[in-house]
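The values are calculated or read from the model by the stated rules, or taken from the named source; none is laboratory data. On a predicted model such as this, the values are computed, not experimentally measured, just so you know. Cβ placement follows ideal geometry from the backbone for every residue including glycine, while neighbour counts extend to all protein chains displayed.
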Amino acid sequence: MKKAEIAVYEGLKEAVRNFVKLVRTRKATVAYYFNASEDPKPLTPNAPPQQFNVLEVRQLIAYVQTGQKLGYQTLLTTDGSKLFVNFVEQYPPVPLNMELA
């Protein structure tokens with residue numbers, strides 16, 4: 001290999017190493033969590049069951065839009081008893097020399 005080819009290869013290797021490091025070290029935080037509802041129970045005799053802790057879709061949309069404006073992806077996860085709203089940093093852009101390789 002010529003010295004110029006080796007230099008290009010080393011530069012590409014360093015760019016890949018830095019990009020992987022950025023992807024692996026993305027920051028994440030649990031912004032909110034909501035407990036699961038209890039079993040629905042009628043509040044009065046012959047009334048339909050009422051469920052507690054119901055989360056509105058527009059509230060979730062507001063969380064997603066807030067995360068996007070702050071540069072985060074919003075991920076919803078659950079452990080069976082709680083709904084977690086996680087904010088994770090967006091992936092960094094791919095370096096130009098990696099795209100052209």
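Residues in segment 65-101 that are surrounded by 12 or more Cβ atoms within 10 Å (Cβ to Cβ) and either in contact with a Lys or Arg (Cβ under 7 Å, 6 or more places away or on another chain) or of a type in the set (Lys, Arg) (or both): 82, 88, 89. Of the residues making up segment 19-37, those that are assigned to a loop (DSSP other than H, G, I, E, B) and out of contact with any Asp or Glu (no Cβ under 8 Å at 6 or more places or on another chain) are 25, 36, 37.
Would you say residue 34 is hydrophobic (A, V, I, L, M, F, W, C) and modelled with pLDDT under 85? Criteria met by residue 34.
Taken as a whole, segment 9-29 holds at least one residue that is on the phi < 0 side of the Ramachandran plot, over 19 Å from the mean Cα position of the chain (by Cα), at pLDDT 85 or above and β-branched (Val, Ile, Thr). Counting the residues of segment 62-101 that are part of a helix (DSSP H, G or I) and under 30 Å from residue 5 (Cα atoms) gives 5.
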